[in-house]
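Reviewing the structure listed below.
The values are calculated or read from the model by the stated rules, or taken from the named source; none is laboratory data. Small disclaimer: the values here were computed from a predicted structure and weren't measured. Cβ placement follows ideal geometry from the backbone for every residue including glycine, while neighbour counts extend to all protein chains displayed. Quick note on the areas: whole protein, heavy atoms, side chains included, nothing else; ligands and nucleic acids left out. Shrake-Rupley method; radii C 1.70, N 1.55, O 1.52, S 1.80 Å.
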Amino acid sequence: MNISTIIPVLFAAIFIALALLVYIRNRQGDQRMIQTTNNMLLPLLTIITITLGSIFSFHTGNSACANGLPNAIRYIAILGTLLLIITGTIRYFLSQNRDRLLVIQPTLFAIILVIIAFLIEHLAGCL
């Protein structure tokens, strides 16, 4: 393994761990974390958009990337992200108390899904 493989894997693991930590702290009711994530909803959605854009834009001419697992991962990432965010949004509008955590928590899972898809594509040599 070379440094160009180790660094993305390390940063992806750190980012996934941070997203899980934020999710756990939100579920426990930590008001500071809830307030922070409420203020960070737009940047969280921006992270998802930029990462999905890079997954779909920066492909090499490798034929293995056009078919098989890397290609399926791209579509799983985008469909999973849309499903998670739409489900959270529907739950938000159907709830009585309009808690933004109903949108933020699925968004955190969507970020984890997108980062895993990005990492798989990177390791497969598609990015």
- Determine the relative contact order of the chain: mean sequence separation of Cα pairs under 8 Å and six or more apart, normalised by residue count, in whole percent. 38
- Task: Two decimals is fine: what's Rg over Rh for region 67-113, C-alpha atoms, Kirkwood radius as Rh?
- Result: 1.14
- Message: Suppose we look only past 24 Å in the calculated P(r) of region 29-127. What percent of the Cα-Cα pairs does that tail hold?
- Response: 31
- Message: If each DSSP helix of 4+ residues adds -39,500 (n - 2.57) and the sum is divided by the residues in the chain, what number results at 222 nm, nearest 500 deg cm²/dmol?
- Response: -27500 deg cm²/dmol
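Using a probe radius of 1.4 Å on heavy atoms only, what accessible surface per residue do you get for the chain? Whole Å² is fine.
60
Region 1-104: which chymotrypsin sites (Phe, Trp or Tyr not before Pro) are DSSP loop and have at most 13 other beta-carbon atoms within 10 angstrom?
In loop regions of region 1-104 (DSSP not H, G, I, E or B), the sparsely surrounded chymotrypsin sites (Phe, Trp or Tyr not before Pro) are 58.
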- Item | the chain - percent of accessible surface contributed by carbon and sulfur, probe 1.4 Å | 70
